[in-house]
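*Asks:* I'd like to ask some things about the structure below.
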Amino acid sequence: MDSFGLEINPIIYLVRSRISISNYKFLFLLILGLSYTATEAAHLVGGQISYTCVGTNVYQIRLRIYRDCGSGGAQFDANANIAIYDAGNVLVTMLQPPKGPTINVPPDSTGNPCVTAPPGLCTEYAEYIDTVTLPPTAGGYTIVHQRCCRNSSIDNVNNSGSYGNTYTIDIPSNDTLCNNSAEFLGVAPIVLCLNQPINLSLNVSELDGDSLHFELCDILNGGASGGGGGGGCNVVIPNPPCPPPFAVVPFAAPYTSANPLPSFPIFAVDPGTGNLTGTPNQLGQYVMGICLTEYKNGMPISSTRLDYQFNVSACITNVESDMVTPSEDPQLLCDGLTVQFTSESKNSTSLLWDFGDPFSSSDTSTLTNPVYKYSQPGNYTVTLYADPGSPCGDTLQVNFRVKDEVVPDFVQNGVYCLEANEVEFFPTGNYPSNSTFEWDFGADANFQTSNLEFPPPITWSSSGKHLVSFTVKFGFCEKVKQDSVEISNLSVAVDAGADQFIDRGDIVYLSGTGGTTYNWYASDAVDFGNPFGQQTTVLLQDHQDTVVFYLRVQDELGCGGLDSLTIIVNNNEEPYNFISPNGDGYNDYFDLSKLNPDGEARLVILNRWGAEVWSAEKYKNNWTGVGKGGQDLPDGTYYYILSLNGDLIYKDAVNILRGM
């Protein structure tokens, strides 16, 4: 069996189409390639026959055959059998022209510069050309070539692999003018784009100026699977091809020659212009015939037929406009009037965004990922142009429903001292009706979290700053407001009074302010008159020199406060062992007048490492806790040596306590 008669499996090449901003409202892909296994043969995928008058009664016959070369199937026939019959179906002559050059259809021959064909395509054609002298005769001549077989995967013909092809054309009766037939030029576009409107003008030639009429027509059978060459019509390569009448290939319901493929509006050809129109709406592989008839003086004189096999596929363009849409990213519109736009366009060299804001004259951008703030809420149609102004540019429009931004906030009110803390929180702002709320008050709060819009009063078990987080959720959006609450310990402003110097045996009078309840206590055992009064008296014990008194109060809210003062007992026999040089007029100077009454003794001040920090040759009882340069020395313990003419008078420690 000749390999052209074996069955193959087609591939419908799937590509994706977008809306073009150019005038290309249709996409035709010349995809004649079909795949097959190593044991299967390639099938014929198209062809036509035409003729040209090259001299008196001399005609050049041209047969073009398309085949799939994608997987090494059967080659073109070395010679084509072309039979010429007269009106009585008598074989006049038999031509067997050799195959011309095999011509590859370029993979990018899509019929549209804006479209890229899928990879791996291989389609080629060859022409068989011969010259024959045919004198004018009544009834004219019929030229015919027949060859099996068609693809078995055609959707609008049942058992399509069992049918072959007949390519035929007529020479007019008594053709004394030596007619030139009409001819389809270029390569045949075999693929139509799914759901894309078609508006294709067929490219034809007619040298005599005759009128042309286009129509969708029957396709013809010729040859059959099984058997080789030789006589008879039901063989792969009829030799000679059989005369008319020719058998019609029946279409599978609901398809007909006038309605050969699923399309809305219906697939049609304009009879006068040859424009093909329609919108294919179902993937598949479909075959059809387009007849081109010449008319001279209103009478038909010859007709040529294109036997087309179309693949209806989803198509793509070279340039694709695309953006992230709200349906792809529901959080895209969470920032209110401000929108972050993101391009996902492919193969474009420039972009133009039109944000569709009628309230602005500057609502465009050429950035890849621009940010735009709308002036008010509304529904806006955003347009993204990829390669604007280019015939291969692409456009995408998407609706964005923009709303006011949700900005969560809250106010607080309460008691902020640790002893009696209790704080209430109130959200502020306008939120969508379907909003939900989440509060987080931290691990040491009485309620760590709450889902209520108005949470219960919150208390904390520790002082310090506590982070409060308030989250509002609406749709796919989420907004967060954070602030801190500071809970203080002993925060009430209390005053226990100034430090006092007393003589031994004196009664101490204490008086405090700042609270509603008072509690006095001391660093050593003393005799209080009333430790719970705002004022009280105290008697120190005989051996006590310095006692610190503390006053703790509470206010009407239950918040506490603490202050202290120091009582210092004058010792008439020994110098004081501290100074408090804070400018309050009490003990600001280191007074050694009892040991150095005339101010003639030398005084040296040492730090605790024995380094001299201050000295005076004749000390006038005026040291204020400064160093040699006059700078304040840090509070702490120092040592002094008092001497006269080299003889030691006294040495001891002295403390600087500016906080007293």
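The values are calculated or read from the model by the stated rules, or taken from the named source; none is laboratory data. None of these values were measured; they are calculated from a predicted model. All Cβ positions, even for glycine, are placed from backbone atoms using ideal geometry, and neighbour counts span all protein chains on display. These accessible areas exclude ligands, DNA and RNA; they are computed on the full protein's heavy atoms, side chains included. Shrake-Rupley method; radii C 1.70, N 1.55, O 1.52, S 1.80 Å.
*Asks:* Just one of (1) farther than 27 Å from residue 520 by Cα; (2) open to solvent by 30 Å² or more (accessible area, probe 1.4 Å); (3) at pLDDT 90 or above; (4) not hydroxyl-bearing (Ser, Thr, Tyr) trips up residue 633, so point out which.
*Replies:* So residue 633 meets the others, but not (2).
*Asks:* Test residue 305 against the criterion of being more than 30 Å from residue 246 (Cα to Cα) and open to solvent by 20 Å² or more (accessible area, probe 1.4 Å), and give yes or no. Outline the logic, then answer.
*Replies:* On the way: more than 30 Å from residue 246 (Cα to Cα): no; open to solvent by 20 Å² or more (accessible area, probe 1.4 Å): yes.
It is false that residue 305 is more than 30 Å from residue 246 (Cα to Cα) and open to solvent by 20 Å² or more (accessible area, probe 1.4 Å).
*Asks:* Could you please find all residues in the stretch 158-168 being crowded, with 24+ Cβ neighbours inside 10 Å and either touching a Pro at 6+ places or on another chain (Cβ under 6 Å) or at pLDDT 90 or above (or both)?
*Replies:* Step one: filter the stretch 158-168 for residues crowded, with 24+ Cβ neighbours inside 10 Å, giving 163-167.
Across the stretch 158-168, the qualifying residues are 165, 166, 167.
*Asks:* Now for a separate question. Regarding residue 593, is this residue closer than 30 Å to residue 620 by Cβ and either in contact with a Phe, Trp or Tyr (Cβ under 9 Å, 6 or more places away or on another chain) or surrounded by fewer than 18 Cβ atoms within 10 Å (Cβ to Cβ) (or both)? Break it down into steps so the answer makes sense when it comes.
*Replies:* Numbers: closer than 30 Å to residue 620 by Cβ: yes; either in contact with a Phe, Trp or Tyr (Cβ under 9 Å, 6 or more places away or on another chain) or surrounded by fewer than 18 Cβ atoms within 10 Å (Cβ to Cβ) (or both): yes.
So residue 593 fits the description; yes.
*Asks:* While we're on this one: Out of the stretch 496-529, which residues are in a strand (DSSP E or B) and either out of contact with any strand residue (DSSP E or B) (no Cβ under 8 Å at 6 or more places or on another chain) or small (Gly, Ala, Ser) (or both)? Spell out how you get there, then give the answer.
*Replies:* Here is the first cut: in the stretch 496-529, the ones in a strand (DSSP E or B) are 500-503, 507-511, 513, 517-522, 527-528.
Once the filter is applied, which keeps residues that are in a strand (DSSP E or B) and either out of contact with any strand residue (DSSP E or B) (no Cβ under 8 Å at 6 or more places or on another chain) or small (Gly, Ala, Ser) (or both), the stretch 496-529 yields 511, 522.
*Asks:* Suppose we filter the stretch 467-496 for residues that are open to solvent by 50 Å² or more (accessible area, probe 1.4 Å), of a type in the set (D, E, K, R) and within 29 Å of the chain's Cα centre (by Cα); how many remain?
*Replies:* Within the stretch 467-496, the subset open to solvent by 50 Å² or more (accessible area, probe 1.4 Å) is 467, 473, 475-476, 478, 480-484, 486, 489-491, 493, 495.
Filter once more, so that each one left must be of a type in the set (D, E, K, R): 473, 478, 481, 483, 486, 495.
The next check asks that each one be within 29 Å of the chain's Cα centre (by Cα); those that pass are 473, 478, 481.
Number satisfying all stated conditions: 3.
*Asks:* Could you please give the count of residues in the stretch 314-359 that are of a type in the set (Val, Ile, Thr), open to solvent by 30 Å² or more (accessible area, probe 1.4 Å) and under 24 Å from residue 392 (Cβ atoms)?
*Replies:* Pass one, the stretch 314-359, residues of a type in the set (Val, Ile, Thr): 316-317, 319, 324-325, 338-339, 342, 349.
Right, trim to open to solvent by 30 Å² or more (accessible area, probe 1.4 Å) and you get 316, 338, 342, 349.
Still in the running and under 24 Å from residue 392 (Cβ atoms): 316, 342, 349.
So the answer is 3.
*Asks:* Out of all the residues in the stretch 525-538, which are touching a residue at least 12 places away in the same chain (Cβ under 8 Å) and surrounded by 13 or more Cβ atoms within 10 Å (Cβ to Cβ)?
*Replies:* Our first condition is that a residue be touching a residue at least 12 places away in the same chain (Cβ under 8 Å); within the stretch 525-538, this holds for 525-527, 531-538.
Across the stretch 525-538, the qualifying residues are 526, 531, 533, 534, 535, 536, 537, 538.
*Asks:* Considering 551, 540, which residue is touching a strand residue (DSSP E or B) at 6+ places or on another chain (Cβ under 7 Å), over 30 Å from residue 592 (Cβ atoms) and among the aliphatic types (A, V, I, L, M)?
*Replies:* Values: 540 fails: over 30 Å from residue 592 (Cβ atoms).
Criteria check complete, one pass: 551.
*Asks:* Can you find a residue that is surrounded by fewer than 20 Cβ atoms within 10 Å (Cβ to Cβ) and assigned to a strand (DSSP E or B) anywhere in the stretch 179-199?
*Replies:* yes
*Asks:* Can I ask one more? Output the residue which, of all residues in the stretch 553-578 that are in contact with a Phe, Trp or Tyr (Cβ under 7 Å, 6 or more places away or on another chain) and at pLDDT below 90, is surrounded by the fewest Cβ atoms within 10 Å (Cβ to Cβ). Full working, then the answer.
*Replies:* As a first pass, look at the stretch 553-578 and keep what is in contact with a Phe, Trp or Tyr (Cβ under 7 Å, 6 or more places away or on another chain): 553, 562, 564-565, 567-568, 570.
From what is left, the residues that are at pLDDT below 90 are 568, 570.
Details: 568: 18, 570: 11.
Among those residues, the one meeting the criterion is 570.
*Asks:* I would also like to ask the following. For the stretch 238-276, which residues satisfy the criterion of being open to solvent by 50 Å² or more (accessible area, probe 1.4 Å) and either in contact with an Asp or Glu (Cβ under 7 Å, 6 or more places away or on another chain) or of a type in the set (Asp, Glu) (or both)?
*Replies:* Scanning the stretch 238-276 gives 248, 270, 271.
*Asks:* Next question. Could you please tell me which pairs satisfy a Cβ distance under 9 Å, a separation of 6+ or placement on different chains, a first residue in the stretch 253-280 that is more than 14 Å from residue 156 (Cα to Cα), and a second residue that is surrounded by fewer than 21 Cβ atoms within 10 Å (Cβ to Cβ) and of a type in the set (Asp, Glu)?
*Replies:* These pairs meet every condition: 269/215; 271/215; 276/270; 277/270.
*Asks:* Just checking, does the stretch 305-316 include any residue being free of Cβ contacts under 8 Å to residues at least 40 places away in the same chain, farther than 30 Å from residue 211 by Cβ and not hydrophobic (A, V, I, L, M, F, W, C)?
*Replies:* Let us first name the residues in the stretch 305-316 that are free of Cβ contacts under 8 Å to residues at least 40 places away in the same chain, namely none.
No, the stretch 305-316 contains no residue that is free of Cβ contacts under 8 Å to residues at least 40 places away in the same chain, farther than 30 Å from residue 211 by Cβ and not hydrophobic (A, V, I, L, M, F, W, C).
*Asks:* Kindly provide the set of residues from the stretch 446-500 that are β-branched (Val, Ile, Thr) and touching a Gly at 6+ places or on another chain (Cβ under 6 Å), ordered by number. Lay out the reasoning, then the answer.
*Replies:* At the first step, the residues of the stretch 446-500 found to be β-branched (Val, Ile, Thr) are 449, 458-459, 468, 471-472, 480, 485, 487, 492, 494.
Within the stretch 446-500, 492, 494 qualify.
*Asks:* If a residue has to be assigned to a strand (DSSP E or B) and under 26 Å from residue 205 (Cβ atoms) to count, how many in the stretch 244-276 make the cut?
*Replies:* Let us first name the residues in the stretch 244-276 that are assigned to a strand (DSSP E or B), namely 248, 263, 268-269, 275-276.
So of that shortlist, the ones also under 26 Å from residue 205 (Cβ atoms) come out as 268-269, 275-276.
Counting residues in the stretch 244-276 that are assigned to a strand (DSSP E or B) and under 26 Å from residue 205 (Cβ atoms) gives 4.
This table checks each residue for (1) modelled with pLDDT of 95 or more; (2) buried (at least 16 other Cβ atoms within 10 Å of the Cβ).
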{"site": "400", "(1), (2)": "yes, yes"}
{"site": "415", "(1), (2)": "no, yes"}
{"site": "424", "(1), (2)": "yes, no"}
{"site": "429", "(1), (2)": "no, no"}
{"site": "433", "(1), (2)": "no, no"}
{"site": "436", "(1), (2)": "yes, no"}
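*Asks:* Determine the pairs where a residue that is at negative phi, located within the stretch 343-359, has a partner that is buried (at least 20 other Cβ atoms within 10 Å of the Cβ) and polar (S, T, N, Q) with Cβ atoms under 7 Å apart, the partner being 6 or more residues away or on another chain.
*Replies:* Taking only residues 6 or more apart or on different chains, the pairs are 345/321; 351/345.
*Asks:* Related question: Among the numbered criteria (1) part of a loop (DSSP other than H, G, I, E, B); (2) charged (D, E, K, R); (3) modelled with pLDDT of 90 or more, which single criterion is violated by residue 7?
*Replies:* (3)
*Asks:* Taking the stated definitions as given, is residue 459 touching an Asp or Glu at 6+ places or on another chain (Cβ under 7 Å), open to solvent by 60 Å² or more (accessible area, probe 1.4 Å) and not acidic (Asp, Glu)?
*Replies:* Details: touching an Asp or Glu at 6+ places or on another chain (Cβ under 7 Å): yes; open to solvent by 60 Å² or more (accessible area, probe 1.4 Å): no; not acidic (Asp, Glu): yes.
For residue 459, the condition - touching an Asp or Glu at 6+ places or on another chain (Cβ under 7 Å), open to solvent by 60 Å² or more (accessible area, probe 1.4 Å) and not acidic (Asp, Glu) - is not met.
*Asks:* How about the stretch 590-655: which strands (runs of 3 or more DSSP E) wholly inside it have at least 1 residues that are touching a Gly at 6+ places or on another chain (Cβ under 6 Å), over 16 Å from residue 580 (Cβ atoms) and of a type outside the set (D, E, K, R)?
*Replies:* Values: elements: 602-606, 612-616, 636-644.
The qualifying strands (runs of 3 or more DSSP E) are 612-616.
Residue-by-condition table, conditions (1) closer than 26 Å to residue 597 by Cβ; (2) of a type in the set (A, V, I, L, M):
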position	(1), (2)
623	yes, no
632	no, no
635	no, no
643	yes, no
648	yes, yes
654	yes, yes
659	no, no
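*Asks:* Given the structure, is residue 389 without any contact (Cβ under 8 Å) to a residue 12 or more places away in the chain and either open to solvent by less than 30 Å² (accessible area, probe 1.4 Å) or of a type outside the set (Phe, Trp, Tyr) (or both)?
*Replies:* Working: without any contact (Cβ under 8 Å) to a residue 12 or more places away in the chain: yes; either open to solvent by less than 30 Å² (accessible area, probe 1.4 Å) or of a type outside the set (Phe, Trp, Tyr) (or both): yes.
Taking the combined requirement at face value, the residue satisfies it.
*Asks:* Here's a follow-up. Among 382, 339, which is the only one that is touching a helix residue (DSSP H, G or I) at 6+ places or on another chain (Cβ under 7 Å), in a strand (DSSP E or B) and not aromatic (Phe, Trp, Tyr)?
*Replies:* Details: 382 fails: touching a helix residue (DSSP H, G or I) at 6+ places or on another chain (Cβ under 7 Å).
Only one candidate passes the filter, namely 339.
*Asks:* Ok, one more. Is it the case that residue 398 is out of contact with any Phe, Trp or Tyr (no Cβ under 9 Å at 6 or more places or on another chain) and in a strand (DSSP E or B)?
*Replies:* Details: out of contact with any Phe, Trp or Tyr (no Cβ under 9 Å at 6 or more places or on another chain): yes; in a strand (DSSP E or B): yes.
So residue 398 fits the description; yes.
*Asks:* If you don't mind, there's one more thing I want to ask. How many of the residues making up the stretch 447-476 are free of Cβ contacts under 8 Å to residues at least 40 places away in the same chain and not β-branched (Val, Ile, Thr)?
*Replies:* 16
*Asks:* Given the condition within 23 Å of residue 409 (Cβ to Cβ), not in a strand (DSSP E or B) and not β-branched (Val, Ile, Thr), answer yes or no: does some residue in the stretch 473-495 qualify? First the steps, then the outcome.
*Replies:* Here is the first cut: in the stretch 473-495, the residues within 23 Å of residue 409 (Cβ to Cβ) are 473-487.
Within this subset, residues satisfying the condition of being not in a strand (DSSP E or B) are 475-476.
Imposing the further condition that a residue be not β-branched (Val, Ile, Thr) reduces the set to 475-476.
Looking through the stretch 473-495, at least one residue is within 23 Å of residue 409 (Cβ to Cβ), not in a strand (DSSP E or B) and not β-branched (Val, Ile, Thr).
*Asks:* Okay, moving on. Taking the stretch 302-319 only, how many residues are assigned to a strand (DSSP E or B) and over 18 Å from residue 197 (Cα atoms)? Reasoning before the result, please.
*Replies:* From the stretch 302-319, those assigned to a strand (DSSP E or B) are 302-313; that's our starting set.
Applying the additional criterion that residues be over 18 Å from residue 197 (Cα atoms) yields 302-309.
Total meeting the criteria: 8.
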